[in-house]
Each structure stands twice: as structure tokens, then as C-alpha cells.
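**Q** Sharing a structure here in C-alpha cells format.
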Amino acid sequence: MKIKLLLISALLLNSSLATMAQKKAEEVPAPLIASTNQAIVPTEYGKVRGYIHHGIFTYKRIPYAKSERFQAAQKPASWEGVRSSMSYGPVCPTDVTTTVYDEIEFPFQHNWGYTNENCQSLNVWTPKINDGKKRPVMVWLHGGGFTAGSSVELPSYDGENLAQNGDVVVVTVNHRLIILGFLDLSAYGDKYKGSANAGLTDLAMALQWVKQNITQFGGDPNNVTIFGQSGGGGKVTSLMNAPSEKVYSTKPLCKAEAILPTLPNLPWLSA
């Protein structure tokens, strides 16, 4: 009788352990899901296809604006079909050193990316799409004093963990910097009257894109926080003082830590 009871107990224990293991396996998301019919989201300009990593829907290199050199940002061009958005887009050309200091680089592990003037793209991480939920949206503006940096510069800029642990939609932005984004050429005619803040028009267009499209990514367009570090903090305060940004209900998360560029009357934002 004791042997039978022990046998029954062992079977029940094994069954319970198997059930727990199965449940745990079901709770753990697949490491990576990427296919032609997964993670497709419509936007105002066309459909994009990302991938799912550890349960987080990930989209990269989504164009939010276009522009001519030294001109204010405009709406991006539309496209047909489904746009693949699985790898990071180009970063703004900057005067990044070509010398790597080994001991300093060890804790940072910078990713300098690849450069192109057409760098106006953003990245999105979201826990779910098409579930009817409106999550808070957090838009990260990278540091670099308006002259350097990018949304892919450091491993910590990846939005997966924040999206997963905070149940929020995370957006990071690449935009024009240094002379391409903030060189004042207004003395050369009305064509360049907005050149001193061209990079800021990029960020304004990125926020417009969020306002128009983030619902499709499970985000709430009326609950958007912009935040950044160092020069990113400066961009936050610049946007908070730009007239057209008053409609976005954005709020600063940190104080500016960088010297801001001179901001004229911003006619291109008040138009």
C-alpha cells in the first residue's frame, strides 16, 4: 500500500511539475519572431513591418520627415506595399572621432552607425499592437549637445526593456545635427530663414508623426512624454518653447543640461 501511495504521489508530482513547466514555457515569449506576415502596422504614409523580440514589437528606420539641405522638415513621402522596418536607419554625419580609446570605450560600447543626410527616421518598441489599449508614450531625445550622438549610439538607448517593464510605447529619434541642423544661413535669403533650427523642425515633425500614428502601435497620442539626457534635455526645453508644440500635451522629464542654440521667432513653427 505504501509503495502504491508513493507511486501515486510521484506521478502526481511529475504531472504537477510538467504542468508548471508548460505554463512557464507559455509565459516566456519566443526569443525572436520575424516573418512576412507578422508585426505589420499601417501608418499615414504606408504599412511597416517589424519583428517581435522577447515579446516586444520592434520597428526601426520609419521615416517621419524629409527635407532639402538647410530647409525645414516636411512630411515624408508615402510608399506602396509593406515597408521593411527591421534595422536601424542612418545617423546624421557628424565630426565623430576616428580614434577609439580602449579603456574608455569598454564601458560605453558605442555604435557610431552609418551616416547619411537623409537621417530623419524613428524607432518604436511596444508591448502589443491591435489590442485596443492606449499606453503612455515616451519619446527619447539623445544627447550630444546638438552636434553629435544618435538614437543608436549606446546599448542603453534600446527601448525594449522600458517597453516591457513599464508597459509603455518607446520612440527614439534620429535627426539633423551640427551644421546640417543648426547652421544659421538666414543672411543668405528667405530660403534659409529656418536653417538655424532645421534640426528642431525634424523633432517637431517626429512629434507630429507620433500624434498621427502612435495609436496603431498601441500608444495614446494624448499621453506623450518627451525626455532626454544632456543635449536631449536641451531639446526638450527647446520643444517646450516652440509655439507649434503647445498642441502636443508634452511634458519635460528632466532639466536641460546643454547650452541651447539661439532660437529666433521660429516662423516655420508658427505657420
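**Q** Sort 80, 68 so the one with the fewest other Cβ atoms within 10 Å of its own Cβ comes first.
**A** Going from least to most buried by this count: 80, 68.
**Q** Past 28 Å, Cα to Cα: identify those pairs from 60/191; 47/191; 47/133; 128/211, in the order given.
**A** Long pairs (Cα-Cα over 28 Å): 60/191; 47/191.
**Q** Moving on. Between residue 133 and residue 77, what is 0.36 nm times their sequence separation minus the Cα-Cα distance? Round to one decimal in nm.
**A** Full-extension gain reported as 17.3 nm.
**Q** Here's another thing I want to ask about it. Can you pull out the trypsin sites (Lys or Arg not before Pro) in the range 63-172 whose DSSP state is coil and whose Cβ has at most 10 other Cβ atoms within 10 Å?
**A** Hits after loop and neighbour filter: nothing returned.
**Q** What chymotrypsin sites (Phe, Trp or Tyr not before Pro) does the range 56-121 have in DSSP loop regions with at most 12 other beta carbons within 10 Å?
**A** Listed in order of number, the matching sites are 101, 114.
**Q** What's the center-to-center distance, using Cα atoms, between the range 119-159 and the range 194-245 in Å?
**A** Centre-to-centre distance over Cα atoms comes out at 11 Å.
**Q** How much length is gained if the chain between residue 241 and residue 33 is pulled fully straight, taking 0.36 nm per residue apart and subtracting their Cα-Cα distance, in nm to one decimal?
**A** Stretched out fully, the residue 241 to residue 33 stretch lengthens by 70.7 nm.
**Q** Ranking 56, 226, 104 by Cβ neighbours within 10 Å, fewest first, what do you get?
**A** 104, 56, 226
**Q** Here is a further query. Summing +1 for each Lys or Arg and -1 for each Asp or Glu, what net charge is found among the other residues whose Cβ lies under 13 Å from the Cβ of residue 126?
**A** +1
**Q** With 10 angstrom as the radius, rank 176, 61, 135 by how many other C-beta atoms surround their C-beta, starting from the fewest.
**A** Placing the least packed residue first, the sequence is 61, 135, 176.
**Q** Lys and Arg at +1, Asp and Glu at -1: add these up for the other residues within a Cβ distance under 12 Å of residue 185 and post the number.
**A** Its environment carries a net charge of +1.
Throughout, read-outs are computed from the coordinates displayed, never taken from laboratory work. All values derive from a computational prediction rather than experimental measurement. So basically every Cβ, Gly included, is an ideal-geometry build from the backbone, and we count neighbours across all protein chains shown.
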